[in-house]
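The values are calculated or read from the model by the stated rules, or taken from the named source; none is laboratory data. Predicted model, so just to flag it, every value in this text is computed and none were measured. Here the Cβ is made from the backbone with ideal geometry for all residues, glycine too, and neighbour counts use every protein chain on show.
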Amino acid sequence: MTAALRLRSSLVVAVAVRVALATAITTALVFAALWVEMRQASRDLVQGAIDTDLAGLVDAYGSHGPQGLADRIGERLAFSPDPAQGNGGEVLFYRLEDAGGRVLAGNLAAWPQARAEVSEAGEMRIAGGVPVQYRVTLLRGRMRLLVGRSVAAREAMLGRMAALFGVALVALVALAWGIGRVAARSLGRRIAAINAVFGSFGREGAGDRAPVSHRGDEIDALSGHLNTVLDRIALLLVARKELSDAIAHETRSPLMHIGARIARARATGLEAGADQQLDAAQGDIRNLQRMLDTLLDIASSEAQRGEMNSLPEMDLAEVASRLAELYEPTAEDMGITFIARIAPHVPMRGEPVQMSSLIVNLLDNAFKYGADGRIIRLIVEPGPRLVVEDEGTGIPPERREAIFERFTRAHQRGKGHGLGLALVRAIAERHGLAIKVESTIPAGPDAGSQEDHEQAKGARFVVG
């Protein structure tokens, strides 16, 4: 697994990302709410000052008329900073118009899109981009008055605050990321310890158990349950081994004793008929012993199915080459062309003895049932991929799955206990491999009748 893939699939990184993301979203929402609230409060404050000033000017208009109002506006403008100087002070803006739209006083060049009839308030931008907050009102005689304040200082302050919020947001996210990584890394180490126990389980001498801390949290509960399960599995494995050994011992010993007694009886000299019967009995005993050994091998392989960590590294090509040399004389004596195409090096994790048994059973099956095709091939390729094929009568399609069951023969004329291919499948699955059987020479694409299907012949066993 590449480092990038481990990073994407890491629980540690996922937890840290979630913590940082949750912090970023929460902080951004809080900062946004604060910014909006401060902006509204500042706007309300400015609007309050505008309304107070406007009320004073309306009173002056009521007391002194238009000229008195114009004088008051002039007095206020005399103390207001010049907007052209850009000194950052609060600039006042006024505009007084008569009913004909003639400007009587003020420093605002244009009337905004606002209705004086309803004393509308709003914001506008004048020449130079200066933001101005204002309110307009309608006086007696259809005169219109605008009072405004520049809010450039407020906008600059809010901009600085937004920048400060941005910096704070980045800092908080970075801090949350760091805290999340530290916390998640501790969780990752505890999970890695549990995975290490799983990874070492089944290896020779491996008795590791998951660590349980004093925290008593969910990981500790998981570790405790795992240790309990491992202890039970260890007891079951011991019990299975003891039972297998007991069965093997208790069964083999009587058979060996019976065989020995028959041998002694034959050594004393018997009639021809009795001697033949005892010879057959000895053959039956040997067959029974072989069947018992095969059943135990099948049970052992099935019990260890998928336990790849306990398998050593081996070269399948080396094992297959030695066996091919042993079968060449047999093929020559039988008049069979035996072809072995074995790659120079085929590494895999496996038990050499079991893989030898797998190849031997497949080759025995081919020599037994496919010899009439006169060609048997053994192919070993990296992967690993192992193929044993012949050009004999083949296996009927309806029996291609059943032949891997115990006590099932590929052909009714076959001899033996029907355990060879069951052992082959058990060994293959124990090594994480699959096995299938197919025709070497398949029927044509237009085959429809039973006679057409009988053109398919030969058997090809593929392990990989």
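Within segment 31-54, is even one residue modelled with pLDDT of 90 or more and farther than 29 Å from ALA152 by Cβ? No, segment 31-54 contains no residue that is modelled with pLDDT of 90 or more and farther than 29 Å from ALA152 by Cβ. Once segment 39-61 is narrowed to residues that are among the aliphatic types (A, V, I, L, M) and within 22 Å of LEU138 (Cα to Cα), the residue that is surrounded by the fewest Cβ atoms within 10 Å (Cβ to Cβ) is ALA55.
Counting only strands (runs of 3 or more DSSP E) that sit completely within segment 326-431, those holding 2 or more residues that are closer than 19 Å to GLY458 by Cα correspond to 337-342, 375-381, 385-390.
Contact map, segment 323-350: first residue assigned by TED's automatic domain parsing to the domain that holds GLY432 and in contact (Cβ under 8 Å) with a residue 60 or more places away in the chain, second residue among the aliphatic types (A, V, I, L, M) and part of a strand (DSSP E or B), Cβ cut-off under 9 Å, separation 6 or more or different chains; pairs are MET348/MET314; ARG349/MET314; GLY350/MET314.
Residues in segment 395-409 that are free of Cβ contacts under 8 Å to residues at least 60 places away in the same chain and crowded, with 16+ Cβ neighbours inside 10 Å were compared, and the one that is nearest to VAL437 (Cα to Cα) is ARG400.
Across segment 379-394, the number of residues qualifying as buried (at least 16 other Cβ atoms within 10 Å of the Cβ), within 20 Å of ALA434 (Cβ to Cβ) and of a type outside the set (A, V, I, L, M) comes to 2.
Counting only residues that are over 14 Å from ALA331 (Cβ atoms) and either touching a helix residue (DSSP H, G or I) at 6+ places or on another chain (Cβ under 7 Å) or of a type outside the set (Gly, Ala, Ser) (or both), segment 361-388 holds 12 of them.
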